[in-house]
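The values are calculated or read from the model by the stated rules, or taken from the named source; none is laboratory data. Because the structure is predicted, anything quoted here is derived from the model rather than measured. Reconstructed Cβ throughout: ideal geometry from the backbone, glycine too, with neighbour counts over all protein chains shown.
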Amino acid sequence: MKLYNFTLAPNGRRVKIFLKFKNKEIPEQEINVREGEQFKEPFKSMNTFNCVPFLQIDDNTIISESISICRYLEEEHFPEPTLFGSTPKMRAYIDMWNRRLELDGYSPLGNAIRNKSSFFVNRVLAGTRNDIKQIPEIVERGIQMIELLFQRIDQHLEKNKFICGEQFTIADITGYSIFKSCELLKFEIPKTLPNTIRWRDTLYKQDCFDV
């Protein structure tokens, strides 16, 4: 089993945070995506989506997408402490919140960054090099979506230490990634959302994010 990663990439960091929380290490190789190494062999053939991270397991199956990698590692190798839930109800509840955060926060902010930063000219879509143009309106829409998401979750967080309750979960790792994306976009959480600010501050104190 071997993880192919680029730690500076947000999705790569999610897997590293997962492993840090579990206090586990696995064989790993860094791929310099800034230099386009993912488009070279053998990586190009291993993962035709040309993105990181991806995991090669012992039968040579390739698993990409950070949450899919983390789910496999928890279920097959590192079940405790759980980040995905130990009962059907908790697994569904955690998955629900992680999906909400990804769809309404993590992905829109990622698209906003890719459509704003000059670094992503000709690489707006992850795993590509082409002439698809950056669209300023996508940046604006990303900010609008994160504002709405924070408004939606603030009341929920009034009674919950973490996004799914008292237990730290994979959804909190996604939440942390959202807050770091907000920093890149220089977006400040409104002071009218104190519970969201408190959640962010709680996450920033967790040791597993020091990767």
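Could you list, in sequence order, all residues of the range 47-56 that are among the hydrophobic types (A, V, I, L, M, F, W, C) and surrounded by 15 or more Cβ atoms within 10 Å (Cβ to Cβ)?
Matches in the range 47-56: Cys51, Val52, Phe54, Leu55.
Against the conditions (1) surrounded by 12 or more Cβ atoms within 10 Å (Cβ to Cβ); (2) free of Cβ contacts under 8 Å to residues at least 60 places away in the same chain; (3) assigned by TED's automatic domain parsing to the domain that holds Phe119, where does Tyr93 fall short? Just the number, please.
Result: Tyr93 passes all but (2).
For the condition outside the structural domain of Arg152 (by TED's automatic domain parsing) and touching a Lys or Arg at 6+ places or on another chain (Cβ under 9 Å), what is the one hit in Ile57, Ile62?
Answer to the selection: Ile57.
Could you please let me know if Asn160 is of a type outside the set (Gly, Ala, Ser) and in a loop (DSSP other than H, G, I, E, B)? Working first, answer last.
Working: of a type outside the set (Gly, Ala, Ser): yes; in a loop (DSSP other than H, G, I, E, B): yes.
So Asn160 passes the test.
Which numbered condition in (1) of a type outside the set (Phe, Trp, Tyr); (2) in contact (Cβ under 8 Å) with a residue 24 or more places away in the chain; (3) assigned to a helix (DSSP H, G or I) is the only one that Gly127 fails?
(3)
Any residue at all in the range 52-65 that's modelled with pLDDT of 95 or more, small (Gly, Ala, Ser) and touching a Gly at 6+ places or on another chain (Cβ under 8 Å)? Break it down stepwise before answering.
Our first condition is that a residue be modelled with pLDDT of 95 or more; within the range 52-65, this holds for 52-65.
Going one step further and asking which of them are small (Gly, Ala, Ser), we end up with 64.
Next, from what is left, pick out any that are touching a Gly at 6+ places or on another chain (Cβ under 8 Å): none.
Looking through the range 52-65, none of the residues is modelled with pLDDT of 95 or more, small (Gly, Ala, Ser) and touching a Gly at 6+ places or on another chain (Cβ under 8 Å).
All but one of (1) under 18 Å from the mean Cα position of the chain (by Cα); (2) surrounded by 15 or more Cβ atoms within 10 Å (Cβ to Cβ); (3) under 30 Å from Lys40 (Cβ atoms) hold for Gly105; which doesn't?
Here Gly105 meets the rest and fails (3).
Can you tell me which residues in the range 149-201 are of a type in the set (Gly, Ala, Ser) and at positive phi?
If we filter the range 149-201 for residues that are of a type in the set (Gly, Ala, Ser), which is where we start, we get 165, 171, 175, 177, 181.
Matches in the range 149-201: Gly165 only.
Out of contact with any strand residue (DSSP E or B) (no Cβ under 7 Å at 6 or more places or on another chain), within 23 Å of Val121 (Cα to Cα) and in a helix (DSSP H, G or I) - does that describe any residue in the range 16-34?
Yes: one or more hits.
Restricted to the range 57-89, and to residues that are among the aliphatic types (A, V, I, L, M) and under 15 Å from Lys22 (Cβ atoms), which residue is surrounded by the most Cβ atoms within 10 Å (Cβ to Cβ)?
Of all residues in the range 57-89, those among the aliphatic types (A, V, I, L, M) come to 57, 62-63, 67, 69, 73, 83.
Of the ones still in play, those that are also under 15 Å from Lys22 (Cβ atoms) are 67, 69, 73, 83.
Values: Ile67: 20, Ile69: 23, Leu73: 23, Leu83: 25.
Applying the filter and picking the extreme gives Leu83.
In the set Phe162, Phe150, which member is touching a Leu at 6+ places or on another chain (Cβ under 7 Å) and not polar (S, T, N, Q)? Talk me through it step by step, then tell me what you get.
Numbers: Phe162 fails: touching a Leu at 6+ places or on another chain (Cβ under 7 Å).
None of the others qualify; the one that does is Phe150.
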